[in-house]
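Just below is one structure, and these are the notes that go with it.
The values are calculated or read from the model by the stated rules, or taken from the named source; none is laboratory data. Only a predicted model underlies this, so the values are computations on that prediction, with no experimental measurement involved. With ideal geometry, Cβ positions are generated from the backbone for all residues, glycine too; neighbour counts draw on all protein chains shown. When the accessible area is computed, the model is the full protein with side chains, heavy atoms only, and any ligands, DNA or RNA have been set aside. Shrake-Rupley method; radii C 1.70, N 1.55, O 1.52, S 1.80 Å.
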Amino acid sequence: MATGGWGVLVVIVLALLWVAMAYNRLRALHHRVENAYGQIDVQLKRRHDLIPSLVEVARAHMVHEAPTLEAVIRARCIAQGAASTARLHPGQPGAMGALAMAEQSLNGQLGQFRLQAEAYPQLQDDERMLQLREALGSTENRMGLARQAYNSQVADYNRRAGRFPDLLLARLIGFAHLDLLQAAEGVPAQGEPRGVSDPEVAAAALQASRPCAS
């Protein structure tokens, strides 16, 4: 084989080696993001599971606050739908946007519930309510730590996927930019999840939230 032919072969082999290494590096970083999101998902499930019990305990005392309690349950249902979509699309902008907005709405409704619950001293002293509030608070703290770990992994992944020459491979084979999960702050619920940019993910989020509308 001519010298030029060997040179071309060496270049091809080196290029293939780089592609394999870059792919494995990006795939490993993406897998870390998925694992980190899994920890968020665990805490979301626990949070969503605690809320119906919280409402049922409150219902016995807050007999005149049915609209508030129903609003909490509906916001929780929408948040569950957004979480199920995010579970299938961790890191995707549409899924993360819908989840953040749904959790903000849920926080807003829980905030209204807590304000109204202060007017019921017997509820404040209820042992079961105290246990549920403590469990919910510890779950939210763990979720905050899990969110920080997830956002750190996303930042590492995006840094690598956006750096030349890995950027070329990332764009070629679909290692898309991933979104951070913003901290959910309490805002009033406004119906269906918002903040969804990807059409397919938006459709999934809307479908997941439909049972809450009944």
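Averaging over all projection directions, find the projected area of the Cα convex hull of segment 44-101 and quote it in nm² with one decimal place.
The number I arrive at for segment 44-101 is 3.9 nm².
Points 7 angstrom from Cα along the Cβ direction at Arg87 and Arg142: gap in nanometres?
1.6
Scaled to the compact-protein estimate 2.2 N^0.38 Å, what is the alpha-carbon radius of gyration of segment 80-120, rounded to two decimal places?
Dividing the Cα Rg of segment 80-120 by 2.2 N^0.38 Å gives 1.49.
Would you mind computing, in nm to one decimal, how far apart the modelled labels at Arg25 and Ala66 are, each placed 7 Å from Cα along Cα→Cβ?
Roughly 6.2 nm, to one decimal.
Please compute the alpha carbon radius of gyration of segment 110-158, then divide it by the globular-protein estimate 2.2 N^0.38 Å. Two decimals is fine.
The value comes to 1.68.
GluC sites (Glu not before Pro) within segment 54-132: which are DSSP loop residues with at most 13 other Cβ atoms inside 10 Å?
Loop-located and lightly packed - Glu118.
At 1.4 Å probe size, with no ligands or nucleic acids counted, give the accessible surface of Arg87 in Å², nearest ten.
Here the accessible area works out near 100 Å².
Send over the per residue convex hull volume for segment 65-190, Cα only, as a whole number of Å³.
99
Give the calculated FRET efficiency between Ser152 and Leu16 to the nearest 0.05, with a Förster radius of 30 Å applied to their Cβ-Cβ distance.
E(calc), rounded to 0.05, equals 0.40.
Just the Kirkwood number for segment 1-117, please: inverse of mean 1/r across all distinct Cα pairs, in Å, one decimal.
17.7
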